[in-house]
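The values are calculated or read from the model by the stated rules, or taken from the named source; none is laboratory data. All values reported here derive from a predicted model rather than from experimental measurement. Neighbour counts run over all protein chains shown; Cβ positions are idealised from the backbone, glycine included.
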Amino acid sequence: MIKPTFILLLSLWALALAPVAMAQVVSLAPLKPQVGEMLTITYNPKASGAKLTADEDVYAIGQIYFPERKSIVFKMGKVGDAYQREFKAPADLNYIHFFFRTVNAIDREADVETMLYRADGEPVRNAYLSKLISRREYPFSESGLFRQELDLYPDNYAAYVYKWDSAYSKQNIYFGPSIEDLLLVNEDLELIEKEAEPHSTEYQYAKAMSSVEMKNSDEFMAVIKQMLTEHEASPLTWTALELFLDRARSKRETSEEVKALERIQWELIQHYPYSQIARDRLRAFAWSDDFFNPKSEFPSAGLEQIADQWIEDEPDNPFPRIYLARLYYDREQKSERALELVEQALPLYEDGRYQLYMNSEKFYATENLLADGFLLSARLHFRLQKLPEAFVRVKAARMHYQESPFKQIEFKTYALEARILQAQGNLMAAETAYLTAWINGYDEAEAGLKEIYQKRKGTLDGFAAYLRGKRDELFGAESAPAFNVTTLGGQKLDLEKLKGKVVVLNFWSTGCDSCEAEIAGLNRDGKLTQRITYGGVNRLKRLRALINYALY
């Protein structure tokens, strides 16, 4: 007969082993890898707790945090019941954190991380710092990892940047650094400058970043020029430069010095087309016009080099194909190649492969990506005068926009559909599509309506009355919804009492730098005298200060 005591011991032993079994879902060997060694990552779908199955390819997504934040994607090979991947730790790797997914699923409970180690068993430079950044332990100065990095590498002044950032990122997320925060930065800088080697990359990085936080642009200019001269290839130089330019964009600065720094950044990304900053800028060139210099001045050959290298490194990634195709379209260059790139990207979107390469801080809806892709394809087909293909794709784009979780309807599709129908000679259907776009705020459709009206009437006389009639026919005399608010001065404001006046409602947040920057322009251009507020009363003082400052 088995004694109860034995059963109890057996149960306790099984419970003790349970975490070990769970841990075997993923593993990474060796336990303390060195730079240059082969690392083996394993994911076992048969292990207890595994969320991924053996009937789909498994990918290991590695996150690298410092000095350059980027992801690497490994497709794992089948070895028995498990998936494995070997890779050689590059010389600049200090820490890496892996999670695991298939195209259609992710195992959020299975991850593995490792620091890289020196021959003496101690972590390499920046390993503790990278691990700290990945864990987001605020404030950093109170973390054991922060102290361990500085104890092992007391001259790694880059760590102080994250200490300063985390010191006020939680408490002053809306208001920026306080006097206490700035005093902390100044106190640390005095200590650093007593012992730092002035040509050290980390020292220059800390000094540059502190000058950005303390809004000392003259000092930043001096330091960044030194970094560009002495450490052009360092990701720390690129990071400091990008942060400064990002802050300048949010403040809408237009100085010649800022423009010159952006041109320097453009030269850097042409020299280092494989870098993460080059890939980030490629995306910005494709989707944004927020530049200090005309983005058309950036050489097309440089954009092609970035995109082609990226496509070669990640052949299943649709994003670089779409970015380059958009740039070709905008610049009216190489339409045939642009179309080829888009048509390659669309099945990668449909298969969900884009999810392997998503920025972890962004959300992409498949339907929106497909809609944007089909719309770009339709535009390119139209430019090449392939009208039936263009019509099919613009319809597909609209369908995906309407099926998006955001319930977005892209009225640009109606304007493009109208142009296609007009080119095919179907003026009645073209007019209907143009009107749908115009009624819903796409002003460019008015030019198409003018063309059709003039072709029918032989003149533009009566065109304005025609538009008003069409608007009233579709919507009638629809009024704006009721709106009642209180100004900062305590005055009640009722939209009903402002009939006949132009009313501008601008919704913004105190945590949005670009929102703050636009207030002055709105006040000057619109001569706004009434302002509304929302949120807690603890923000009223901050709001009054911002708006009063923006008036001058």
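May I ask you to list the residues in segment 157-171 that are closer than 14 Å to S210 by Cα and either assigned to a helix (DSSP H, G or I) or modelled with pLDDT under 90 (or both)?
Within segment 157-171, A158, A159, Y160, V161, Y162, K163, W164, D165, S166, A167, Y168 qualify.
Could you identify the single residue in E187, E195, E213 that is at pLDDT below 85, over 25 Å from I277 (Cβ atoms) and of a type in the set (D, E)?
E187
What number of residues in segment 292-313 are surrounded by fewer than 16 Cβ atoms within 10 Å (Cβ to Cβ) and not in a helix (DSSP H, G or I)?
So the answer is 3.
How many residues, within segment 40-59, are among the hydrophobic types (A, V, I, L, M, F, W, C) and either within 17 Å of V73 (Cβ to Cβ) or under 32 Å from the mean Cα position of the chain (by Cα) (or both)?
Matching residues across segment 40-59 total 4.
Confirm whether S210 is in contact with a helix residue (DSSP H, G or I) (Cβ under 9 Å, 6 or more places away or on another chain) and surrounded by fewer than 20 Cβ atoms within 10 Å (Cβ to Cβ).
No: the conditions fail for S210.
Quick test for you: out of D246, D289, pick the one residue that is surrounded by fewer than 20 Cβ atoms within 10 Å (Cβ to Cβ), farther than 23 Å from M209 by Cα and among the acidic types (D, E).
That would be D289, the only listed residue that is surrounded by fewer than 20 Cβ atoms within 10 Å (Cβ to Cβ), farther than 23 Å from M209 by Cα and among the acidic types (D, E).
Kindly check whether there is at least one residue in segment 352-368 that is without any contact (Cβ under 8 Å) to a residue 24 or more places away in the chain and part of a helix (DSSP H, G or I).
yes
Tell me, which residue of segment 82-138 that is charged (D, E, K, R) and touching a Gly at 6+ places or on another chain (Cβ under 8 Å) is surrounded by the most Cβ atoms within 10 Å (Cβ to Cβ)?
Taking the candidates together, the pick is R85.
Could you list, in sequence order, the residues of segment 129-156 that are among the acidic types (D, E), modelled with pLDDT of 85 or more and part of a loop (DSSP other than H, G, I, E, B)?
Hit for segment 129-156 is D155, nothing else.
Can you tell me which residues in segment 227-256 are in a helix (DSSP H, G or I) and in contact with a His (Cβ under 8 Å, 6 or more places away or on another chain)?
Across segment 227-256, the qualifying residues are E230, T237.
A quick yes/no check of all residues on (1) closer than 22 Å to R383 by Cβ; (2) touching a helix residue (DSSP H, G or I) at 6+ places or on another chain (Cβ under 7 Å); (3) at pLDDT below 90:
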{"site": "Q422", "(1), (2), (3)": "yes, yes, no"}
{"site": "G441", "(1), (2), (3)": "no, no, yes"}
{"site": "E444", "(1), (2), (3)": "yes, yes, yes"}
{"site": "Y453", "(1), (2), (3)": "no, yes, no"}
{"site": "G458", "(1), (2), (3)": "no, no, no"}
{"site": "F463", "(1), (2), (3)": "no, yes, no"}
{"site": "G469", "(1), (2), (3)": "no, no, yes"}
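Taking segment 423-445 as the region of interest, how many residues are closer than 14 Å to Y466 by Cα and surrounded by fewer than 17 Cβ atoms within 10 Å (Cβ to Cβ)?
The qualifying residues number 1.
Output the residues belonging to segment 249-265 that are under 18 Å from the mean Cα position of the chain (by Cα) and crowded, with 17+ Cβ neighbours inside 10 Å.
R249
Looking at F411, F374 in this structure, which one is within 25 Å of R337 (Cβ to Cβ) and either surrounded by fewer than 19 Cβ atoms within 10 Å (Cβ to Cβ) or not basic (K, R) (or both)?
After ruling out the rest, the residue left standing is F374.
Hey, among V35, V79, which residue is surrounded by fewer than 16 Cβ atoms within 10 Å (Cβ to Cβ) and modelled with pLDDT under 95?
Going through V35, V79 in turn, just one is surrounded by fewer than 16 Cβ atoms within 10 Å (Cβ to Cβ) and modelled with pLDDT under 95: V79.
So that you can scan it fast, the table gives a plain yes or no per residue for (1) of a type outside the set (G, A, S); (2) crowded, with 20+ Cβ neighbours inside 10 Å; (3) modelled with pLDDT under 95:
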{"site": "P30", "(1), (2), (3)": "yes, no, no"}
{"site": "I41", "(1), (2), (3)": "yes, yes, no"}
{"site": "K46", "(1), (2), (3)": "yes, no, yes"}
{"site": "P67", "(1), (2), (3)": "yes, yes, yes"}
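Pull out all pairs, ordered by first then second residue, where Cβ-Cβ is under 7 Å, the residues are six or more apart or on different chains, the first lies in segment 289-311 and is of a type in the set (S, T, N, Q), and the second is surrounded by 18 or more Cβ atoms within 10 Å (Cβ to Cβ) and in a loop (DSSP other than H, G, I, E, B).
Q305/P273; Q309/P273
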